Amino acid sequence: MRWSDRSRRRAAVALAGALAFGLLLGAPASEQKQLTIFAPRTTYSVPVLDRGGEYVGLVEVLEPLCGVSAFLDNKKWRLRCDRVDSEFKLNSSEAKVGGKRVEFPGGLLIERDRGYVPLRSLSMLLPMFLNQVVELHDAGRRLFVGNTPVRFTPELRKDALVLNFSAPVNPVISTEPGKL
């Protein structure tokens, strides 16, 4: 059987399509960076943006912890968390939180009327809003708010999920019909 130019082109297109499809299936999905926040009553995650440094949305971080409202006013971004008012200057590292002036590293970034602060500034800013101790573990992107009694770090190994706890725990496995 002789291959015509048309047959060769069809085979080349089919082969290229199959290779592209195989590469798409085998390519790992890009993981979005997350900050996990551990608070006394809740644990949640917020996305981390890469904008020449790691930034997080201040409203997203505070929302589960207090009543939050925020709006853009001329060259200032105003945020209220329960009874604490704050005012951030655009493109500046200056802010006024609860009547106190504060300078935080990196400055405020505004995207789509949302205020983003550098990840590393959370340990400085959040105690002013929440009146609680805040501890940031930068490398693991974990933030501990208040006296979170037992902390854990998940680690995915070959075929197992390993949980490391900060204090001794007494795990209990309960079973119900069809549930473990």
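The values are calculated or read from the model by the stated rules, or taken from the named source; none is laboratory data. Keep in mind the model is a prediction, meaning the values are calculated, not measured. Positions of Cβ are backbone-derived with ideal geometry, glycine not excepted, and every protein chain shown enters the neighbour counts. Areas reflect the complete protein model, heavy atoms only, side chains present, ligands, DNA and RNA absent. Shrake-Rupley method; radii C 1.70, N 1.55, O 1.52, S 1.80 Å.
Can you give me the ranges of the strands (runs of 3 or more DSSP E) entirely in segment 37-121 with at least 3 residues that are open to solvent by less than 20 Å² (accessible area, probe 1.4 Å)? Don't jump to the end; show me each part of the working.
Values: elements: 43-47, 54-57, 68-73, 76-81, 84-89, 94-97, 100-103, 109-111, 114-118.
Where strands (runs of 3 or more DSSP E) fall fully within segment 37-121 and carry at least 3 residues being open to solvent by less than 20 Å² (accessible area, probe 1.4 Å), they are 76-81, 114-118.
Find the residue count for segment 134-175, including only residues that are open to solvent by 100 Å² or more (accessible area, probe 1.4 Å) and either within 15 Å of Ser123 (Cα to Cα) or at pLDDT 75 or above (or both).
Qualifying residue count, segment 134-175: 7.
Working only within segment 103-123, note down all residues that are out of contact with any Leu (no Cβ under 8 Å at 6 or more places or on another chain) and at pLDDT 90 or above.
Listed by number, the residues that qualify are Glu103, Pro118, Ser121.
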